[in-house]
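The values are calculated or read from the model by the stated rules, or taken from the named source; none is laboratory data. Quantities reported herein were computed from a predicted structural model and do not represent experimental measurements. With ideal geometry, Cβ positions are generated from the backbone for all residues, glycine too; neighbour counts draw on all protein chains shown. Remember, those area values only see protein heavy atoms, side chains included, never the ligands or the DNA or RNA. Shrake-Rupley method; radii C 1.70, N 1.55, O 1.52, S 1.80 Å.
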Amino acid sequence: MTITDAHTVAQSSDDPFSAEILQDPLPFQERLREAGSVVRLQTYGVYAMGRYDTVRSALLDWQDFQSAAGVGMTDFTREKPWRPPSLLLEADPPHHDAPREVLAKILSPRSIRELEPVWADDAERLVDQLIEGPLEFDAVTHLAEAFPLRVFPDAVGLPGSDRDHLLPYGDHLFNTFGPENFLVQQGAPRAPELSAWVNAQCSRESLAATGFGADIWAATDRGDITPAQAPLIVRSLLSAGVDTTVHAIGAVLHAFATHPDQWRALREDPRLARRAFDEAIRLESPVQTFFRTTTRDVTLHGTTIPEGHKILMFLGAANRDPRRWERPDAFDLTRDPSGHVGFGMGIHQCVGQHVARLEAGTLVTALARRVKTIELSGPPSRRLNNTLRAWESMPVRITLE
């Protein structure tokens, strides 16, 4: 990273979407934070933020930093997106309000609590099946992917077949938030097929009579949203509700596999499951980045970002900012991780975070009851993505009581 005083803007020659940085973004993120509150990425001509206070303030300020121009590198005011924009992530008030209000009620903590006993039973059954086999396995495929694909599509009301389409679709979707690099090119051949499949699942006729999907369509009967909006809201659930949870569960499993003292602490006090999840989100930030676009000239800490320019917010860098967190690189269940920006912040904060917490919490709690120790049995490998911090494989070994 090179820093200049031109126009008072720190300049970076790093490419955060290169394979090297995606594989290990932490050194780059440290350079970004130390360079300044706002840094210009020369490779793409966009501005970047990595410090906690700046990222948080931009997330909260939807008036100056809009989402409607796209939360990826593509500017929807100048280029046509490859799929209809999300009514939740890629819209601002007033267009954002009704879809958000409908989904927030459907996914409210009270509503999600009704799923807890069902998902807890599912988690127990999954763990029972797991420990009947070899005690060395891949935690990504056998746990982090298996459980969300087992319970979340049921909750939405999806048919039982072809659920494995959700993961490659979500992987490509989150890749397209970055530049059109090698990762986007890898996913492009299947994109039309996967997109068509996902869109087909969003119709009223394709969904079960009960579930999140049916509840969304019921909102059209009340006039809360239009029939044209309903399938797009269902699609947002399917787009953002699987991959992010899979990688969040992967993050918490890796944290426990590499911090045996914290696993012991959880087993002694299962009430720590929710804190463990949020601490893992803070530490790993499964959603690493999101873009915003300025609606006017905005001056921050002496740097003016012109109107209509893209800003790349590094949530992962903010969540490890030593200005905000003591021992930011430690996984510590005595820490209060509230305030992390792993789910965003403000009106665009992840509306499904309660669902993700319940999925992770029930699975981790079921494991803690049966599994005495969990540790890596081989080197884990990353799945590179322009937006997500993900594991491709995580070999683990467990011992039982």
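In table form, for the structure just shown:
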| item | result |
| --- | --- |
| Cα Rg, Dmax (largest Cα-Cα span) when computed across the chain, Å | 20.7, 63 |
| Three-way shape call for segment 186-254 based on the alpha-carbon gyration tensor, with the a/c threshold at 1.5 | oblate |
| Accessible area of residue 398 in the full protein assembly, 1.4 Å probe (Å², nearest 10) | 10 |
| Carbon + sulfur, % of accessible area of segment 30-72 - ligands and nucleic acids excluded, 1.4 Å | 38 |
| Cα-Cα pairs of segment 229-270 separated by more than 13 Å (percent) | 64 |
| Gyration tensor (alpha-carbon) shape descriptor, segment 70-149, a/c threshold 1.5 | oblate |
| Separation of alpha-carbon centers, segment 261-302 and segment 205-228, rounded to whole Å | 32 |
| Segment 129-230 - Rg over Rh from alpha carbon coordinates, Kirkwood radius | 1.06 |
| Percent of Cα-Cα distances greater than 25 Å, calculated over segment 169-283 | 47 |
| Hydrodynamic radius of segment 295-401 per Kirkwood, over alpha carbon pairs, in Å | 17.8 |
| Residue among 214, 379, 342 farthest towards the positive dipole end of segment 2-400, charges placed on Cβ | 342 |
| Dimensionless Rg over Rh [segment 1-158; C-alpha; Kirkwood] | 1.08 |
| Relative contact order (%) - criterion: Cα under 8 Å, at least six apart; region: the chain | 25 |
| Descending semi-axes in whole angstrom, ellipsoid equivalent of segment 153-195, from the Cα gyration tensor | 24, 10, 6 |
| Computed accessible area, residue 101, all protein chains, 1.4 angstrom probe, square angstrom | 100 |
| Calculated Rg and Dmax of segment 119-161 using C-alpha coordinates, Å | 11.3, 33 |
| Kyte-Doolittle mean at least -0.5 and Cα axial length at least 20 Å: DSSP H helices in the chain | 116-131, 243-257, 353-370 |
| Rg/Rg_ref, segment 32-124, where Rg_ref = 2.2 N^0.38 Å and atoms are Cα | 1.49 |
| Proximal charge balance of residue 305 [Cβ under 13 Å; K/R count +1, D/E count -1] | 0 |
| Calculated [θ] (222 nm, deg cm²/dmol) that DSSP helices of n ≥ 4 give over the chain, each run adding -39,500 (n - 2.57) | -13000 deg cm²/dmol |
